[in-house]
């Protein structure tokens with residue numbers, strides 16, 4: 001399914017765990033240090049470095065761009081590390097997240113509560129995924145280097161719906177489907 | 001006695017860092033292609049296709065396979081008749097890493113003050129260096145850029161001797177299952193059994209340097225590897241843990257004698273981007 005960003009309730013209502021999607025539009029990068037700062041800003045009642053309503057955050061810390069490249073290799077990082085920050089951002093209007101690996105119960109509950117979707121991209125396919133990133137601008141926390149918040153313009157960026165708004169969970173369902181009993 | 005110059009070691013390190021991060025080893029590539037044939041899950045197949053396409057693109061254009069260009073783990077086998085000249089060995093290894101990560105446009109992921117300020121050292125140093133003295137007059141250098149996603153899933157247990165093979169099996173399966181999609185399956189599982197606590201983990205890491213799927217020379221250990229791999233793949237995690245037949249490409253076990261009261265077992269996981277490059281000087 002092709003998705004034009006930003007996300008809306010109408011779009012996320014159509015998504016189910018296991019669906020293949022391709023994003024075109026703007027996504028924002030943020031990982032550990034940037035999340036800490038964003039959640040601290042929210043706690044103090046300050047505004048975030050970008051309007052988060054309907055937006056998608058991609059957990060990525062790219063390699064430096066080589067001359068002539070827009071961005072270096074840019075695959076997803078482990079999402080679990082961001083679990084403690086995610087419910088606050090979903091409450092603030094975040095609609096989608098791209099990472100890798102499973103999420104804790106608190107995030108799965110928050111996705112249902114705030115109608116957000118967690119997507120996974122293929123971890124370790126950073127060179128390939130970077131090809132779908134057409135433009136990069138640093139929007140905040142430049143001092144964080146690879147962890148700064150970047151605004152990415154993406155085209156047909158491939159991802160898979162992992163946790164939908166209905167409680168569907170691709171990792172749990174997939175494991176149950178393929179588990180074998182070995183004596 | 002044979003002289004080996006520090007400058008040569010440094011240049012070799014710089015080259016190995018750049019090549020290791022862009023060129024997936026042939027044995028890993030082969031294992032991934034076989035996994036693609038065997039995988040039954042449609043999503044798992046698509047993921048393996050992307051992984052293979054990524055490897056081809058990275059090789060063709062000399063791009064980092066993964067944005068996490070890792071902690072630089074360096075294995076040295078130093079011949080006892082080799083003589084390192086022209087500098088301090090640790091310094092020249094660090095300089096090689098610094099140069100490789102700079103020239104290769106690789107990500108610098110190492111932070112100092114790990115429990116407090118976490119300040120990036122900005123050149124990916126210091127590397128983690130394992131040294132072994134061996135017969136001969138050569139120096140073998142292996143560079144393994146080790147990603148955080150899989151390294152963070154390492155597990156160590158000191159089992160009771162009475163727990164035996166079943167205890168080892170249960171521990172390995174639990175480590176892989178709990179790791180889920182975090183270490184980027186299909187993974188390679190390194191298992192170290194015996195020795196002391198630090199040696200078991202070191203064996204588990206060393207197990208990851210073996211050619212993918214090459215069985216242990218000891219028949220009993222090779223049999224354990226086969227059994228464990230079958231059980232790991234029966235977990236059903238599959239590529240990126242979306243469900244599937246291929247959770248691990250291989251499982252390697254290294255064993256060492258241990259104390260009469262102990263049964264240490266360590267698990268060190270490698271992601272599908274199992275980067276490793278070596279040179280012999």
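Every number in this text was worked out from the coordinates using simple rules, so none of it is lab data. Note that the coordinates shown come from a computational prediction; the quantities given were computed from them, not determined experimentally. Note: ideal-geometry Cβ built from the backbone for every residue, glycine included; neighbour counts use all protein chains shown.
For region A:107-117, the set of residues classified as in contact with a helix residue (DSSP H, G or I) (Cβ under 6 Å, 6 or more places away or on another chain) and under 13 Å from residue A:83 (Cβ atoms) consists of A:107, A:110, listed by residue number.
With respect to the conditions (1) farther than 28 Å from residue A:9 by Cβ; (2) away from chain B (no Cβ under 12 Å); (3) touching a residue at least 24 places away in the same chain (Cβ under 8 Å), residue A:32 lacks only one, and its number is (2). Only one entry in B:85, B:97 is closer than 20 Å to residue B:145 by Cα, touching a strand residue (DSSP E or B) at 6+ places or on another chain (Cβ under 8 Å) and touching a residue at least 24 places away in the same chain (Cβ under 8 Å), namely B:97. Note on region B:146-180: residues that are touching a residue at least 60 places away in the same chain (Cβ under 8 Å), farther than 19 Å from residue B:28 by Cβ, assigned to a loop (DSSP other than H, G, I, E, B) and facing chain A (nearest Cβ under 9 Å) amount to 1. Note on region B:38-64: residues that are facing chain A (nearest Cβ under 8 Å) and farther than 30 Å from residue B:138 by Cα total 13. In region B:149-169, what residues are surrounded by fewer than 16 Cβ atoms within 10 Å (Cβ to Cβ) and out of contact with any strand residue (DSSP E or B) (no Cβ under 9 Å at 6 or more places or on another chain)? Passing the criteria: B:165, B:166.
Scanning region B:240-258 for residues that are buried (at least 24 other Cβ atoms within 10 Å of the Cβ) and facing chain A (nearest Cβ under 8 Å) returns B:240, B:241, B:242, B:243, B:244. Do we find a residue being under 22 Å from residue B:37 (Cβ atoms), touching a residue at least 40 places away in the same chain (Cβ under 8 Å) and in contact with a strand residue (DSSP E or B) (Cβ under 6 Å, 6 or more places away or on another chain) anywhere in region B:188-197? Checked against the condition, which is being under 22 Å from residue B:37 (Cβ atoms), touching a residue at least 40 places away in the same chain (Cβ under 8 Å) and in contact with a strand residue (DSSP E or B) (Cβ under 6 Å, 6 or more places away or on another chain), region B:188-197 yields at least one hit. Looking at the structure I just gave you, is residue B:183 part of a strand (DSSP E or B) and under 28 Å from residue A:62 (Cα atoms)? In short, no. Looking at A:95, A:115, just one residue is more than 26 Å from residue B:47 (Cα to Cα), more than 10 Å from every other protein chain (Cβ to nearest Cβ) and under 15 Å from the mean Cα position of the chain (by Cα), and that residue is A:115. The criterion of at least 1 residues that are surrounded by fewer than 23 Cβ atoms within 10 Å (Cβ to Cβ) and out of contact with any strand residue (DSSP E or B) (no Cβ under 7 Å at 6 or more places or on another chain) is met by the following helices (runs of 4 or more DSSP H) wholly inside region A:72-183: A:86-91, A:105-114, A:170-178.
This table checks each residue for (1) more than 15 Å from the chain's Cα centre (by Cα); (2) more than 12 Å from every other protein chain (Cβ to nearest Cβ); (3) farther than 24 Å from residue B:247 by Cβ.
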position	(1), (2), (3)
A:137	yes, yes, yes
A:141	yes, yes, yes
A:154	no, yes, yes
A:162	no, no, no
A:167	yes, yes, yes
A:176	yes, no, no
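Number of residues in region A:9-21 that are in contact (Cβ under 8 Å) with a residue 40 or more places away in the chain and surrounded by fewer than 15 Cβ atoms within 10 Å (Cβ to Cβ) equals 4.
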